[in-house]
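Working notes for the structure below.
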Amino acid sequence: MTPTNSIPPSRAAAAPAPADWRDLFALTKPRVMSLVIFTGLCGMLAAPVGIHPVLGFTAILCIAMGAGGAAALNQWWEADLDAGMKRTANRPLPQGRLDRTTARDFAGVLCAASVFLMGFAISWLAAAILAISIVYYAVVYTIWLKPRTPQNIVIGGGAGAFPPLIGWIAATGHITPMPVVLFAIIFFWTPPHFWALALFVKTDYAKVGIPMMPVVAGERATRRQILIYAILLLPLSALPWWLPGDEHAGAIYGVCALLLSGVFLALSIRVGLRTRTGDDDAMKPEKQLFAYSVLYLFALFAALVVDRYIPL
Amino acid sequence: MTKSPKNALKEPRTFEEIRRSRNRVLALSLAGFVILVFFISIAKMG
């Protein structure tokens, strides 16, 4: 028996396939979002004042929705570029599993809902910073910087640095030096993290004409810049330990930051001073640096929260 | 050859299945939003 609410075969064939929620979810770049949620949560938990659990959950939900919406806008804009790159060719838009209008509308609803919910439930300052982070990623980075300059990820990296700042503001209601330092840590972490990836997917970027650093300035210059940012990151990561006033981090964070950044620097030196052996080079040190950079950020922010609740 | 359960999962889903699962997720999201707004109101009053 045919269900009464089913579409007749002739109409079903003519109608476009509806968007699967899994594809809509994939548009939000869930893996990137997990790092955004984590750093936002750590920014909130590291703040010197507590927040009501429901409001804290709402703030993190808004950060996740905002990040997901910005990621969906990025994929909507770059659907053609994604189709030309091996790493991104399986995304829903290049695969034709979603139409672009649905992706754009979904992204718009997520972004708007995240900002308004943050404003009404938490604070309009946090909502304003969230809105800035969405515009920064979707417009400044994706549309303006990425196709134009090899410094795209340096300036655009700021977009990913906002979550701990937003988390902190959600808890305290204002901006102090500590969340700005947390912003700076992610800002300086982004170039070596992303360039390590760009080194081993260089041909993909070259194919679609995105001027990533290894494509435009060459591998040697990229490796040197990775090293410079890793050197700068070492003292910067320890800065929350040395901040004056009540909100500075303790020894647990300080020691973890120096150890984690020391390993980051060691791996960066290996990448920075290396010359490729040929086109068949497996790029193992670059892949190791990329994998470690993700672990580094998780561990650094986890140390900040642990330190806040277990003061020495 | 008999299809393994793993392969069976990869069968293309019908229009109806996709629509039904998307409606279910939408309903759950809306219900979640209503519950969230309720608890936000309680938290704000407290």
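The values are calculated or read from the model by the stated rules, or taken from the named source; none is laboratory data. As the structure is a prediction and not an experimental result, all values here were calculated from the model. The area values use the complete protein model at the heavy-atom level, side chains included, leaving out ligands, DNA and RNA. Shrake-Rupley method; radii C 1.70, N 1.55, O 1.52, S 1.80 Å.
Annotations for the structure displayed:
- For segment A:42-70, a drop of 30 Å² or more in accessible area on going from the chain alone to the assembled protein chains (1.4 Å probe) is found at A:V54, A:L55.
- Long pairs among A:K29/A:K284; A:K86/A:K202; A:K29/B:K44; A:K29/A:K207, criterion Cα-Cα beyond 20 Å: A:K29/A:K284; A:K29/B:K44; A:K29/A:K207
- Surface analysis of segment A:50-93 yields an accessible area of 38 Å² per residue, using protein heavy atoms and a 1.4 Å probe.
- Interface residues of segment B:29-46, defined as a loss of at least 30 Å² in heavy-atom accessible area between the chain alone and the complex of all protein chains with a 1.4 Å probe, are B:L36, B:I40, B:A43, B:K44.
- Accessible surface of the protein assembly as shown, 1.4 Å probe, proportion on carbon and sulfur as whole %: 69 percent
- Heavy-atom accessible surface of A:D307, to the nearest 10 Å², is about 10 Å², with a 1.4 Å probe and all protein chains retained.
- Summed over the residues of segment A:170-303 and divided among them, the accessible surface reaches 43 Å² per residue at a probe radius of 1.4 Å.
- Accessible area buried at the B-A interface, both sides summed, 1.4 Å probe (Å², nearest 100): 1500 Å²
- Each residue was assigned an accessible area with a 1.4 Å probe, and for A:S237 the value is about 0 Å².
- Over chain A, relative contact order from alpha-carbon pairs under 8 Å, at least 6 apart, %: 18 percent
- Pairwise alpha-carbon distances in segment A:176-312 exceed 28 Å for 24% of all pairs.
- For segment A:21-174, the fraction of alpha-carbon pairs in successive 10 Å shells from zero, as %: 12, 41, 33, 13, 2
- Across all Cα pairs in chain A, the calculated P(r) in 20 Å bins from zero up to the longest distance comes to 31, 54, 14, 1 percent per bin.
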